[in-house]
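Down below is the structure, laid out as structure tokens.
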Amino acid sequence: MIRRRAVAAAAAVAVVAAVAATVQATGGAMSDAVRTASGAASPAPMTPLASTPPVLGVQYTALWDGVETADREQMVDAIAASGAGWVRLDVGWAALQPDGPNRWDLDWGVALVDDAVAVARAKGLRVLLTFYWAPEWATGGGGKAAHPSPAAYARAIGWVAQRWGDDVDAYEIWNEPNGKRFWKPTDAEAYTRMLKAAYPAVKAADPSAQVVLGGLEYVDLDWLQQLYDAGAAGSYDVLAVHPYPSPGDLPPGAAPDGTRYRFRNLDELVVVMREHGEAEVPVWLTEVGWSAHENDADAEVWALGVSDADQARFLYDSVRLVASRYPQVQGWFWYTVRDTRLGDVHQDGFGLTRADGSRKPAWFALRCVASRECADAP
């Protein structure tokens with residue numbers, strides 16, 4: 001069972017990570033005050049947008065516990081029907097190569113990825129593969145979030161790119177390395193060493209593949225500067241961030257406030273990239289999302305949910321903002337395709353569809369932006 005759970009990070013969503021002390025207070029009053037100062041979501045009807053990012057995708061939790069082929073087919077059916085053209089598939093290295101550097105679990109871990117990729121490709125969806133969670137042998141027993149040997153990671157992702165190169169278009173090097181849940185300790189120099197080893201390994205196996213910087217938890221400009229200082233620039237084709245808000249019910253248009261917890265911190269991100277000679281490097285938002293659920297009186301502010309209607313509106317407005325304000329942002333991925341059943345009200349409510357597969361208003365909002373079919377959009 002431990003190996004099975006390592007296929008993909010069942011808690012991959014960025015918003016469950018610990019946030020700064022300034023946003024750990026509970027209650028809705030703080031959120032209400034910020035929302036009032038920042039403005040509410042746009043009340044205008046959802047209509048086709050003049051433009052959208054060229055890459056529109058959805059997180060595809062195909063390898064999580066309890067997910068079978070029929071579930072994968074249901075997920076990709078929902079994604080394809082919306083008009084989104086990409087999936088983001090999180091793959092745990094530990095499940096593919098659990099027993100050492102020279103042995104791959106072809107009968108179980110690799111076979112599951114084979115199936116997940118095949119199901120997505122059968123619907124014409126392109127694949128961004130996120131490769132993380134190290135096996136024990138690669139970290140000296142330090143755990144799946146510990147820093148693996150860069151050489152071992154490079155060999156592994158090179159093998160992955162060789163095996164799935166015909167069906168995978170991009171590889172994301174780890175997930176949220178600035179968050180201790182996924183990269184412990186959060187050492188930018190250690191991550192840069194792994195990134196610099198991984199980049200040529202992917203390119204050697206599949207020269208056409210895009211290498212994506214592991215999506216940063218929030219728009220963390222301080223950690224991005226540490227990456228630049230460590231020499232990371234030039235070892236990725238795409239820079240990725242996860243612009244979740246905190247409080248968790250803030251709309252995407254909320255004004256920057258000097259923290260990393262605003263969607264519109266993308267304003268400063270593109271400035272920082274330009275200062276480091278990366279004005280032409282595409283940015284992908286490899287996780288964007290709001291969780292739809294009712295809030296308890298003592299809810300942490302980062303875990304505040306929104307209504308189904310606001311979830312749909314914020315999805316639409318986030319794409320509208322990206323298209324109109326951030327031409328450098330070329331990719332946008334909603335987290336996630338289907339509500340989960342992890343037992344946490346906030347983690348479980350991010351889906352475009354409910355756990356039974358029925359479509360939420362957010363799915364219709366995605367279809368509006370991706371397919372320009374807005375008649376049923378909320």
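Could you grab the pairs with beta carbons closer than 6 Å, sequence gap of 6+ or different chains, first residue in the stretch 109-136 and more than 27 Å from Val241 (Cβ to Cβ), second one surrounded by fewer than 20 Cβ atoms within 10 Å (Cβ to Cβ) and aliphatic (A, V, I, L, M)?
Lys123/Ala80
Every residue, every condition in (1) part of a loop (DSSP other than H, G, I, E, B); (2) acidic (Asp, Glu); (3) surrounded by fewer than 22 Cβ atoms within 10 Å (Cβ to Cβ), yes or no:
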position	(1), (2), (3)
Asp249	yes, yes, no
Gly253	yes, no, yes
Asp257	yes, yes, yes
Glu268	no, yes, yes
Glu287	no, yes, no
Ala297	yes, no, yes
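Consider Phe263 against the criteria (1) buried (at least 19 other Cβ atoms within 10 Å of the Cβ); (2) in contact (Cβ under 8 Å) with a residue 60 or more places away in the chain: it satisfies all of them except one. Which criterion is unmet?
The number of the failed condition is (2).
Would you call Leu342 among the aliphatic types (A, V, I, L, M) and buried (at least 18 other Cβ atoms within 10 Å of the Cβ)?
Considered against the rule, which asks whether it is among the aliphatic types (A, V, I, L, M) and buried (at least 18 other Cβ atoms within 10 Å of the Cβ), Leu342 comes out as no.
Being under 21 Å from Asn295 (Cβ atoms), of a type outside the set (Ser, Thr, Tyr) and surrounded by fewer than 17 Cβ atoms within 10 Å (Cβ to Cβ), is that true of even one residue in the stretch 358-377?
No; the residues of the stretch 358-377 include none that is under 21 Å from Asn295 (Cβ atoms), of a type outside the set (Ser, Thr, Tyr) and surrounded by fewer than 17 Cβ atoms within 10 Å (Cβ to Cβ).
State the number of residues belonging to the stretch 192-227 that are over 19 Å from the mean Cα position of the chain (by Cα), over 16 Å from Lys180 (Cα atoms) and either among the polar types (S, T, N, Q) or not in a helix (DSSP H, G or I) (or both).
Within the stretch 192-227, residues that are over 19 Å from the mean Cα position of the chain (by Cα), over 16 Å from Lys180 (Cα atoms) and either among the polar types (S, T, N, Q) or not in a helix (DSSP H, G or I) (or both) number 4.
Quick one: in the stretch 198-231, which of the residues that are acidic (Asp, Glu) and over 15 Å from Gln162 (Cβ atoms) is surrounded by the most Cβ atoms within 10 Å (Cβ to Cβ)?
Going through the qualifying residues, I end up with Glu217.
At negative phi, outside any loop (DSSP other than H, G, I, E, B), over 19 Å from the mean Cα position of the chain (by Cα) and surrounded by fewer than 16 Cβ atoms within 10 Å (Cβ to Cβ) - does that describe any residue in the stretch 181-188?
Looking through the stretch 181-188, none of the residues is at negative phi, outside any loop (DSSP other than H, G, I, E, B), over 19 Å from the mean Cα position of the chain (by Cα) and surrounded by fewer than 16 Cβ atoms within 10 Å (Cβ to Cβ).
Just give me the residues in the stretch 299-323 being surrounded by fewer than 19 Cβ atoms within 10 Å (Cβ to Cβ) and either without any contact (Cβ under 8 Å) to a residue 60 or more places away in the chain or closer than 25 Å to Ala62 by Cα (or both), in sequence order.
Ser307, Asp308 - these are the residues of the stretch 299-323 that are surrounded by fewer than 19 Cβ atoms within 10 Å (Cβ to Cβ) and either without any contact (Cβ under 8 Å) to a residue 60 or more places away in the chain or closer than 25 Å to Ala62 by Cα (or both).
Restrict the check to the stretch 301-323 and report whether at least one residue is outside any loop (DSSP other than H, G, I, E, B), farther than 29 Å from Gly66 by Cβ and among the hydroxyl-bearing types (Ser, Thr, Tyr).
yes
We did not get these values from a lab; they are worked out from the coordinates using the rules stated. Values in this document were obtained by computation on a predicted structure and should not be read as measured data. Note that we place each Cβ from the backbone using ideal geometry, even for glycine, and neighbour counts take in every protein chain shown.
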